[in-house]
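Below is one structure, written out as structure tokens, with a few remarks after it.
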Amino acid sequence: MNTGPAAVEALFEPYELQHLQLPNRLVMAPMTRGFAKQGVPSAQAASYYARRAASGVGLILTEGVAPNPIGSPETTIPNMFGAEALESWAGVVEAVHAGGGKIMPQLWHTGLRRKVAKSFDPTQLSVGPSAEYPELHDHRRGDPARMMRGREMTQEDIADTIASYAEAAANAQRLGFDGVELHAAHGYFFDQFFWRECNQRTDRYGGDVRNRVRIAVEVIEAIKRRTGSDFPVGLRFSQWKLPDFYDVTMIANESELAEFLEPFVTAGVDFLHASTRRCWEPAFAGSSLTLAGWTKKITGKTTIAVGSVGLSSPIAASEIGTRAPLENNLEQVCNLLARGECDLVAVGRAVLADPDWTAKVRGGRFSQIIPYSAESLQQLQ
Ligand SMILES: Cc1cc2nc3c(=O)[nH]c(=O)nc-3n(C[C@H](O)[C@H](O)[C@H](O)COP(=O)(O)O)c2cc1C
């Protein structure tokens with residue numbers, strides 16, 4: 001395989017996302033790090049992100065950031081509210097922009113997957129579309145030990161949540177962030193509404209797909225009303241769910257995908273981030289198109305692909321703290337760009353482990369890349 005710079009040229013073509021001029025197609029994938037104190041980003045966060053920007057990554061999607069207290073899984077996760085957290089984020093934005101980078105926070109409400117005992121207020125129940133989330137793959141509904149439990153949201157809870165997302169996005173815009181991404185993947189808050197398994201509602205937020213996506217649609221609309229149309233809003237979605245539901249097919253085929261995605265497009269979403277564990281795998285039987293490929297084809301929107309770029313093993317929650325061997329699969333990833341299956345490519349563990357990954361790839365210095373390992377997660381650097 002050609003591992004020289006020519007093989008990865010497609011990754012380094014510039015791209016325009018709305019008015020944002022991105023220098024290349026590489027995106028740092030959102031990755032929770034857990035270094036915040038009482039929701040305030042750590043003092044190291046600015047240099048952590050600035051190092052990835054300096055290496056040339058086109059766009060940084062931050063770790064998940066809580067839009068409101070009940071959406072925060074635990075106090076080590078940063079908030080997008082509260083004076084101290086916002087001040088710390090301002091420093092992050094300034095450092096990334098000073099290095100010529102672009103950065104968007106990922107707004108992350110964990111819904112029923114909140115770690116109650118470690119959260120801001122353990123006396124409060126978690127909230128979700130219904131009261132339960134399956135915690136184990138071989139779960140049996142009704143067995144309390146196998147479910148994460150909370151309470152079903154009222155209409156008032158839903159209205160407050162939508163308002164808090166709009167407020168968090170407005171805070172991000174005021175701080176100078178370049179847009180926001182909504183985490184609607186991996187079994188968290190929005191995905192709990194999308195996934196029939198944990199949405200038993202009979203009101204306008206449950207039932208058919210239009211209803212199940214409604215809360216995310218209303219959040220996009222509320223953010224757009226608040227921030228104006230020039231502030232990019234993206235949505236990350238996935239078939240797979242945590243903790244280990246890797247074979248879920250919430251969306252069975254391309255027509256169901258179209259039904260799922262079109263409401264977001266109508267609401268004004270600017271980019272879609274199709275989260276998979278291996279970005280080149282076909283999404284549905286009968287076609288080689290990937291989930292990103294179908295997303296692009298159906299919506300025409302800016303589409304981000306993600307999953308195992310530069311690595312040989314896919315993300316697995318149970319192995320998040322272990323090694324992931326390097327693999328030069330970048331030519332395969334470039335083919336996705338060449339075939340128009342995506343516009344941007346997000347890279348997770350490889351960029352977490354090696355802050356200089358982008359420059360090394362660009363320079364064809366593949367053998368110098370620092371591999372992802374348990375130690376990668378221990379410090380924010
Ligand atoms: C330590 C760690 C934390 C993560 N946190 C988040 C997160 O906050 N939000 C999210 O959408 N995905 C999160 N992910 C998933 C990544 O964004 C990405 O989709 C996944 O790692 C697959 O990409 P990769 O194979 O390039 O690592 C996390 C992954 C890792 C390794």
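I'm checking my understanding of the structure. Among residues of region 240-257 that are open to solvent by 40 Å² or more (accessible area, probe 1.4 Å) and either in a strand (DSSP E or B) or among the hydroxyl-bearing types (Ser, Thr, Tyr) (or both), which one is farthest from SER288 (Cα to Cα)? Please lay out each step first, then the result.
Step one: filter region 240-257 for residues open to solvent by 40 Å² or more (accessible area, probe 1.4 Å), giving 244, 246-247, 249, 252-256.
Within this subset, residues satisfying the condition of being either in a strand (DSSP E or B) or among the hydroxyl-bearing types (Ser, Thr, Tyr) (or both) are 246, 249, 255.
Working: TYR246: 19, THR249: 17, SER255: 16 Å.
It comes out as TYR246.
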Subject >> Scope region 50-76; condition within 14 Å of the ligand (Cβ to nearest atom) and either touching a strand residue (DSSP E or B) at 6+ places or on another chain (Cβ under 6 Å) or in a strand (DSSP E or B) (or both); matching residues >> reply: ARG52, VAL57, LEU59, ILE60, LEU61, THR62, GLU63, GLY64, VAL65, ALA66, PRO67, SER72
**OP:** Answer yes or no as to whether VAL209 is away from the ligand (no atom under 16 Å from the Cβ), surrounded by fewer than 23 Cβ atoms within 10 Å (Cβ to Cβ) and of a type in the set (A, V, I, L, M).
**Re:** yes
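Take region 18-35 and flag every residue that is within 15 Å of the ligand (Cβ to nearest atom) and open to solvent by 10 Å² or more (accessible area, probe 1.4 Å). Can you show your working first?
Within region 18-35, the subset within 15 Å of the ligand (Cβ to nearest atom) is 25-35.
Scanning region 18-35 gives ARG25, PRO30, MET31, THR32, ARG33, GLY34, PHE35.
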Original post:
Considering only residues of region 102-131 that are buried (at least 24 other Cβ atoms within 10 Å of the Cβ) and out of contact with any Gly (no Cβ under 8 Å at 6 or more places or on another chain), which is nearest to PHE245 (Cα to Cα)?
Top reply: PRO105
**OP:** Taking the residues in region 326-352 that are within 16 Å of GLU375 (Cα to Cα) and either near the ligand (Cβ under 10 Å from one of its atoms) or without any contact (Cβ under 8 Å) to a residue 24 or more places away in the chain (or both) as candidates, determine which candidate is surrounded by the fewest Cβ atoms within 10 Å (Cβ to Cβ).
**Re:** LEU352
**OP:** Name the one entry in ALA98, ALA53 that is at pLDDT 95 or above and open to solvent by less than 30 Å² (accessible area, probe 1.4 Å).
**Re:** ALA53
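On the basis of being among the β-branched types (Val, Ile, Thr) and open to solvent by 30 Å² or more (accessible area, probe 1.4 Å), does ILE315 make the cut?
Numbers: among the β-branched types (Val, Ile, Thr): yes; open to solvent by 30 Å² or more (accessible area, probe 1.4 Å): yes.
Yes; evaluated as a whole, the condition is true for this residue.
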Subject >> Tally, over region 258-304, of residues that are open to solvent by 40 Å² or more (accessible area, probe 1.4 Å) and hydrophobic (A, V, I, L, M, F, W, C) >> reply: 4
Original post:
For region 36-49, which residues satisfy the criterion of being assigned to a loop (DSSP other than H, G, I, E, B) and within 14 Å of the ligand (Cβ to nearest atom)?
Top reply: ALA36, PRO41
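For (1) over 21 Å from MET28 (Cβ atoms); (2) within 13 Å of the ligand (Cβ to nearest atom), each residue gets a yes or a no:
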{"site": "GLU281", "(1), (2)": "yes, yes"}
{"site": "THR295", "(1), (2)": "no, no"}
{"site": "THR299", "(1), (2)": "yes, no"}
{"site": "ALA305", "(1), (2)": "no, yes"}
{"site": "SER318", "(1), (2)": "yes, yes"}
{"site": "ALA324", "(1), (2)": "no, yes"}
Original post:
Does VAL361 satisfy the criteria of being aliphatic (A, V, I, L, M), within 12 Å of the ligand (Cβ to nearest atom) and in contact with a helix residue (DSSP H, G or I) (Cβ under 9 Å, 6 or more places away or on another chain)?
Top reply: no
Original post:
If only one of LEU112, LEU107, LEU61, LEU11 is more than 26 Å from VAL127 (Cβ to Cβ) and among the aliphatic types (A, V, I, L, M), which one is it?
Top reply: LEU11
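Looking only at region 198-239, count how many residues are part of a helix (DSSP H, G or I) and of a type in the set (Ser, Thr, Tyr).
Qualifying residue count for the region: 1.
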Original post:
Do any strands (runs of 3 or more DSSP E) entirely within region 110-190 hold 2 or more residues that are under 19 Å from the mean Cα position of the chain (by Cα) and at pLDDT 95 or above, and if so, which?
Top reply: 180-186
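The values are calculated or read from the model by the stated rules, or taken from the named source; none is laboratory data. Predicted, not measured: the structure shown is a model, and the values here were computed from it. Quick reminder, even Gly has a Cβ in these numbers, built from the backbone with ideal geometry, and neighbours come from all protein chains shown. To get the accessible areas, we keep the full protein, side chains included, count just its heavy atoms, and leave off ligands, DNA and RNA. Shrake-Rupley method; radii C 1.70, N 1.55, O 1.52, S 1.80 Å.
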